[in-house]
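The values are calculated or read from the model by the stated rules, or taken from the named source; none is laboratory data. This one's a predicted model, so the numbers in the text were calculated from it and none came from an experiment. Because the Cβ atoms are built from the backbone with ideal geometry, glycine has one as well, and the counts that use them run over all protein chains shown.
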């Protein structure tokens, strides 16, 4: 009962703020990617860390992403803190000519980690009470065809248990769509050889066919999330197979 009340409260807040976005065209984007820091981070994470830590990296479906016209929102599974590095390695600037702009939680933007994340184009959102500025910023990223990354599960779900998808992705994409953007939601599955990624292990990332948000303009959020879940699970199954696991291993 308490969880239901919290969910209703969150939905009321985000609905109120997003409706306000429809009638306010002003924007106040304050986070940007610092070029020199981004180049340093790209070299350190992609050329050094990823190559040293993982013995094999399986990436499938990049051609799907590079052929999409319009705005893109990446919707990946979230199984590990490594997911962000894997996404930027597979789908970052070197591949798509765009930076991955991550929506993260407030705690992740604190301290030295937050200092770096902010300067690498990440931005935070309070999941319990999202601010108007954060919501407007996310919509503007979509409208300007940046590569926004939103984890539908909202948190690390290490063993892939079925949990309700957050509603923010659909609502933000719908707002951008109503403002004239052609928004494509791209389902992505990420899998590791071990539930807890190990040194010299394997990682796989598989990209599914995108969902056009305007195909769900008259649908309920639950219908969209159900379709998105099917596509994400299919992408994850393919990723698990590439690292020698199956869905029956996911819960172990």
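Of the helices (runs of 4 or more DSSP H) lying entirely inside the stretch 1-119, those carrying at least 1 residues that are modelled with pLDDT of 90 or more, more than 20 Å from the chain's Cα centre (by Cα) and over 30 Å from residue 238 (Cβ atoms) are 35-42.
Of 208, 168, 201, all but one fail to be under 30 Å from residue 132 (Cα atoms) and in contact with a strand residue (DSSP E or B) (Cβ under 8 Å, 6 or more places away or on another chain); the exception is 168. Just for the stretch 204-220: of the residues that are in contact with a helix residue (DSSP H, G or I) (Cβ under 6 Å, 6 or more places away or on another chain) and more than 14 Å from residue 235 (Cβ to Cβ), which one is surrounded by the most Cβ atoms within 10 Å (Cβ to Cβ)? Ranking the qualifying residues of the stretch 204-220, first place goes to 213.
Consider residue 132 carefully, then state whether it is surrounded by fewer than 18 Cβ atoms within 10 Å (Cβ to Cβ), modelled with pLDDT under 95 and touching a helix residue (DSSP H, G or I) at 6+ places or on another chain (Cβ under 8 Å). It is true that residue 132 is surrounded by fewer than 18 Cβ atoms within 10 Å (Cβ to Cβ), modelled with pLDDT under 95 and touching a helix residue (DSSP H, G or I) at 6+ places or on another chain (Cβ under 8 Å).
Quick one: is residue 149 more than 13 Å from residue 75 (Cα to Cα), under 15 Å from the mean Cα position of the chain (by Cα) and touching a residue at least 24 places away in the same chain (Cβ under 8 Å)? So residue 149 does not fit the description; no.
What do you reckon, is residue 81 touching a residue at least 12 places away in the same chain (Cβ under 8 Å) and surrounded by 14 or more Cβ atoms within 10 Å (Cβ to Cβ)? Criteria not met by residue 81. Please verify whether residue 167 is in contact (Cβ under 8 Å) with a residue 12 or more places away in the chain and surrounded by fewer than 21 Cβ atoms within 10 Å (Cβ to Cβ), treating the condition exactly as stated. Considered against the rule, which asks whether it is in contact (Cβ under 8 Å) with a residue 12 or more places away in the chain and surrounded by fewer than 21 Cβ atoms within 10 Å (Cβ to Cβ), residue 167 comes out as yes.
Flag: residue 188 does not match the condition of being assigned to a helix (DSSP H, G or I) and crowded, with 17+ Cβ neighbours inside 10 Å.
Candidates are the residues of the stretch 193-240 that are without any contact (Cβ under 8 Å) to a residue 24 or more places away in the chain and over 18 Å from the mean Cα position of the chain (by Cα); the one that is nearest to residue 65 (Cα to Cα) is 215.
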